[in-house]
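Here is the structure we will look at, set down as structure tokens.
The values are calculated or read from the model by the stated rules, or taken from the named source; none is laboratory data. Values in this document were obtained by computation on a predicted structure and should not be read as measured data. Don't worry about glycine lacking a Cβ; one is built from the backbone with ideal geometry, like all the others, and counts go over all protein chains shown. Please note that ligands, DNA and RNA were not included when accessible areas were found on the heavy atoms of the full protein model with its side chains. Shrake-Rupley method; radii C 1.70, N 1.55, O 1.52, S 1.80 Å.
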Amino acid sequence: MSDLEVLHSVETFRRTFEAARAEGRTVGLVPTMGALHAGHESLIARAGDECDLVAVSIFVNPLQFGDPTDLDRYPRTLHHDLEVCRRLGAGVVFAPGVSEMYPDWPEPPSTVVSVGPEARGWEGSSRPGHFDGVATVVAKLFAIAGRCRAYFGEKDFQQLAVVHRMTADLGFPVEVVACPTVREHDGLALSSRNVRLTPDERRAAAVLSRALSSAAVAVASGERRPGAVGDLMAAVVATEPLVTLDYGAVVDAATLRTPERIDGHRPLRLLIAAEVGGVHLIDNAPVEVGRRAEGVRALAGAVTGG
Ligand code: PAF
């Protein structure tokens, strides 16, 4: 167990990271909205392995919620979250109030970061403004933190692509570290939304990772038509009446555009999203052309969460 400093002010957090760097310590940031689960724990643990001082930010960012009811319903579990951070050896929790991050709130900040094509389509289509909200708060966190490593889960793959692009375009001295998705034993990706599933829906939700596995095998076995890969994912999901597919696609891993043909020249990613009961679930997996064993192992052998 470590001594954990809980900071609420931007200036104190900025100075804490500056002081650590001045002492020659490496610093890592794990941005979160709290309600920490095993997926977040894997990010904090990885940051702890790679950095001398780890800060976990806990801020339920109102800018990335379209629906005020979703924002109100978002779980706030600070006491539990602090215990998790303490247990995993984080040195700092940065937990600012809304007016600390956005002094004019409920007026949004005048400056908003808007990322281009990576933020449109897929999740961006059904959640207008969501990725602008994410990019804005992450840019602000990066500006406060300064030179550091920052840890994000691959589970939110589009968010990761947006953060990568924003970091490169704005020149933040931050190394974005992508961490593998943590999965339940049946392959379901961990998400704070999973607790809203009934037992039947929870069982049915595992079809998403089965659809990804089937698609990875198809590409590894020679399928080169993006449309056929999407159709295959749709067919697998259709076997579960409780699950309605939103999209299933193979995309360029950096731009998130659908390639005309799968040729293995650039890294690709499989994306999937579906409604299970009233719950929107997303998942993704790497896919490697002509490397059957690795494509499948990447998903089946993902870290298993509780
Ligand atoms: O993934 C999340 O928890 C949030 O989108 C993030 C990156 C902390 C920004 O609010």
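If you average 1/r over all unlike Cα pairs in the stretch 44-145 and invert the result, what Kirkwood radius do you get in angstrom?
Numbers: mean 1/r = 0.0655 Å⁻¹.
With all distinct Cα pairs of the stretch 44-145 included, I get 15.3 Å.
Towards the positive end of the charge dipole of the chain, with charges on Cβ (+1 Lys, Arg; -1 Asp, Glu), say which of THR258, VAL27, VAL287 has the farthest Cα.
VAL287
Run the dipole for the stretch 35-74 about the Cα centre, Lys and Arg Cβ at +1, Asp and Glu Cβ at -1, nothing else charged, and hand back the magnitude in debye, nearest 20. Can you show the working numbers first?
On the way: 2 positive and 7 negative charges, 13 e Å.
For the stretch 35-74, the charge dipole is close to 60 debye.
Please report, as a whole percent, how much of the solvent-accessible surface of the chain comes from carbon and sulfur atoms (probe radius 1.4 Å). Numbers along the way, then the final one.
Numbers: 7180 of 13900 Å².
Using a 1.4 Å probe with all protein chains present, the chain comes out at 52 percent carbon and sulfur.
Taking all pairs of distinct Cα atoms, average 1/r, flip it, and tell me the Kirkwood hydrodynamic radius of the chain in Å to one decimal place.
On the way: mean 1/r = 0.0497 Å⁻¹.
In the chain this quantity evaluates to 20.1 Å.
Multiply the residue gap between ALA234 and VAL112 by 0.36 nm, knock off their C-alpha separation, and tell me the result in nm, one decimal place. Intermediate results must be reported in sequence, preceding the final value.
Numbers: separation 122, 0.36 × 122 = 43.92 nm, distance 3.61 nm.
Additional length available on full extension: 40.3 nm.
Please give the calculated 222 nm ellipticity per residue for the chain, where each DSSP H segment of at least 4 residues contributes -39500 (n - 2.57) and the sum is spread over every residue; nearest 500 deg cm²/dmol?
Numbers: 12 runs with 122 residues, N = 306.
That comes out to -12000 deg cm²/dmol.
How high is the relative contact order of the chain, in percent, with contacts defined as C-alpha pairs under 8 Å that are six or more residues apart?
Numbers: 591 pairs, mean separation 51.3, N = 306.
Taking the mean separation of contacting Cα pairs over the length of the chain, I get 17 percent.
What nm value, rounded to one decimal, do you get for the distance between HIS79 and HIS8 when each label is placed 7 Å out toward the C-beta?
Each label point lies 7 Å from its Cα, and together they span 1.7 nm.
For the stretch 176-265, what does the relative contact order come out to in percent, with C-alpha contacts under 8 Å and a separation of six or more?
Numbers: 84 pairs, mean separation 20.3, N = 90.
Here the relative contact order equals 23 percent.
Taking a quarter of the surface of the convex hull around the Cα atoms of the stretch 108-241, what do you get in nm²? Before the final figure, lay out each step's value.
Working: hull surface 41.7 nm².
Directional mean of the projected Cα hull area for the stretch 108-241 stands at 10.4 nm².
How large is the dipole of the chain about the Cα centre if only Lys and Arg carry +1 and Asp and Glu carry -1, each at its Cβ, rounded to the nearest 20 debye?
It comes to approximately 600 debye.
Only Lys, Arg, Asp and Glu count, each charged at its Cβ (+1, +1, -1, -1), so figure out the dipole size of the stretch 117-183 about its Cα centre, rounded to 20 debye. Can you show the working numbers first?
Numbers: 8 positive and 7 negative charges, 28 e Å.
Computed charge dipole of the stretch 117-183: roughly 140 debye.
Test of understanding: what is the full-extension gain from SER125 to GLU275, defined as 0.36 nm times their sequence separation minus their Cα-Cα distance?
Values: separation 150, 0.36 × 150 = 54.00 nm, distance 1.49 nm.
Between SER125 and GLU275, full extension yields an extra 52.5 nm.
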